[in-house]
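Please read the structure below before turning to the comments.
Read the figures in this text as sums done on the coordinates, not as results from a lab. Computed from a predicted structure; not experimentally measured. Every residue, glycine as well, gets a Cβ built from its backbone with ideal geometry; the counts of neighbours run over all protein chains shown.
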Amino acid sequence: MRNPPKSKIRQAGIAAVISVLIIGSAVVLAFAAGDGPGEPPTTVAGPAPETVGYVNYATPEELLAGHSGRPLVINFFASWCAPCRAELPDLAAAHAQYGDQVDFVGVDFQEASEAAAAQLLFETGITYPIMEDPEGALLEELGNLPAMPTTIFVSADSIIVERHHGLILSEQLTERIEEIIDAS
């Protein structure tokens, strides 16, 4: 019986290390998203609304102009998007902390059910204005990449400072918000 070549052993070792890194990253993200072991699940008392009171901006330019003079955080989400569900409580907390300095707008992206969106917003404590993007045109134009979730940070002079594609962690959200406040 022959021993495997050193290159095969090295490849197996590299594959094992990559697997551990991927699994470890997934576990870290799961804990960062909340509701992990040791944390009680997020709950909200009372009945959820059945619909969302959407605001309307005809174009992305109108959205940006409507918030000119104040920094703006635009978050694209959907009730069917697990990472969106994970980050919405952090966005609600950021809005509670920075809402007097920064505007927030949520964009409900290609939503399958308005009732599901209303339930999600209720459960996660989102109280800032929500608009809808049923065709995905707004995400394509503002986000430049159809990834969910996407969070866009806009300076007070309506310049897009950053597009964050994928789950944004609480610390990243706070850093970006403070950056757009400082830039304004």
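So the values come out like this:
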{"item": "Gyration tensor verdict on the range 95-156 (Cα atoms; rounded if a/c is under 1.5, prolate if a/b is larger than b/c, oblate otherwise)", "result": "oblate"}
{"item": "For peptides 71-80, 94-103, sequence by mean Cβ density within 10 Å, most packed first", "result": "71-80, 94-103"}
{"item": "Charge sum, other residues only, whose C-beta stays under 15 Å from Asp182's C-beta, Lys/Arg counted +1 and Asp/Glu -1", "result": "-3"}
{"item": "Segment Ser68-Asp182, extension gain: residue separation times 0.36 nm, minus the distance between their alpha carbons", "result": "39.5 nm"}
{"item": "Order of Thr59, Thr151, Thr127 - criterion: other Cβ atoms within 10 Å of each residue's Cβ, fewest first", "result": "Thr59, Thr127, Thr151"}
{"item": "Amide hydrogen neighbours beyond the local backbone of Thr150, cut-off 5 Å, H modeled", "result": "Phe76, Gly166"}
{"item": "Formal net charge of residues neighbouring Gln119 (Cβ-Cβ distance under 15 Å; K, R +1; D, E -1)", "result": "-4"}
{"item": "Residue-count net charge about Leu169 - beta-carbon cut-off 10 Å; Lys, Arg +1, Asp, Glu -1", "result": "-4"}
{"item": "FRET efficiency, 1/(1 + (r/R0)^6) with R0 22 Å, evaluated for Ala96 and Met131 via beta carbons", "result": "0.60"}
{"item": "Lys, Arg +1 and Asp, Glu -1 on Cβ, resulting dipole of the range 60-182 about Cα centre, debye, nearest 20", "result": "200 debye"}
